[in-house]
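Data first, discussion second: the structure below is written as structure tokens.
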Amino acid sequence: MSKNRTGLYAALAAAGAGGYYLYRAGGDPKGAKEEMKHDVDKARNKASSPGQAEQKAEKFGAEAGEKIDEAVANAKTKATEADKKAAGVAQESLDKLNEARQDVSQKLRTEIEKADQTVEQKASEAKGTVSV
């Protein structure tokens, strides 16, 4: 059967601590008690109080919040810049496309006019040979 031995271990730890302080005080129980109180006070002073821990947590949270806000602002700025660049590239591409379309249209008109002139010239030559 398994038993919970936490109480036994706690009692052994307390007896060990008591023996340690008695040994350090040279067997004097009052001296051991005073030394133990001194060590407990020293440990309490080193440990932060709940209020200090709460203040530290609030400060840490505020700093973390600021960093998160800064990261979000940077991301928004970069996204806005990327959108502007993309819009500029798209407009530039449209401008080039329109320019190319106009060039092709102009060349096509020129070729059509040349072909019309050639057809008219050949037609007039054909009429001239038939009617003469």
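The values are calculated or read from the model by the stated rules, or taken from the named source; none is laboratory data. Fair warning: this is a prediction, and the values are worked out from it, not measured in the lab. For neighbour counting, all protein chains shown are included, and Cβ atoms are generated from backbone atoms with ideal geometry for every residue, glycine included.
Per-residue answers, yes or no, for (1) basic (Lys, Arg); (2) at pLDDT 85 or above:
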site: Lys3; (1), (2): yes, no
site: Tyr21; (1), (2): no, no
site: Lys46; (1), (2): yes, no
site: Gln55; (1), (2): no, no
site: Lys59; (1), (2): yes, yes
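What residue, of Lys33, Lys46, is surrounded by 10 or more Cβ atoms within 10 Å (Cβ to Cβ), among the basic types (Lys, Arg) and free of Cβ contacts under 8 Å to residues at least 24 places away in the same chain?
Working: Lys46 fails: surrounded by 10 or more Cβ atoms within 10 Å (Cβ to Cβ).
Criteria check complete, one pass: Lys33.
Any chance you could count how many residues in the stretch 17-30 are part of a helix (DSSP H, G or I) and surrounded by 10 or more Cβ atoms within 10 Å (Cβ to Cβ)?
9
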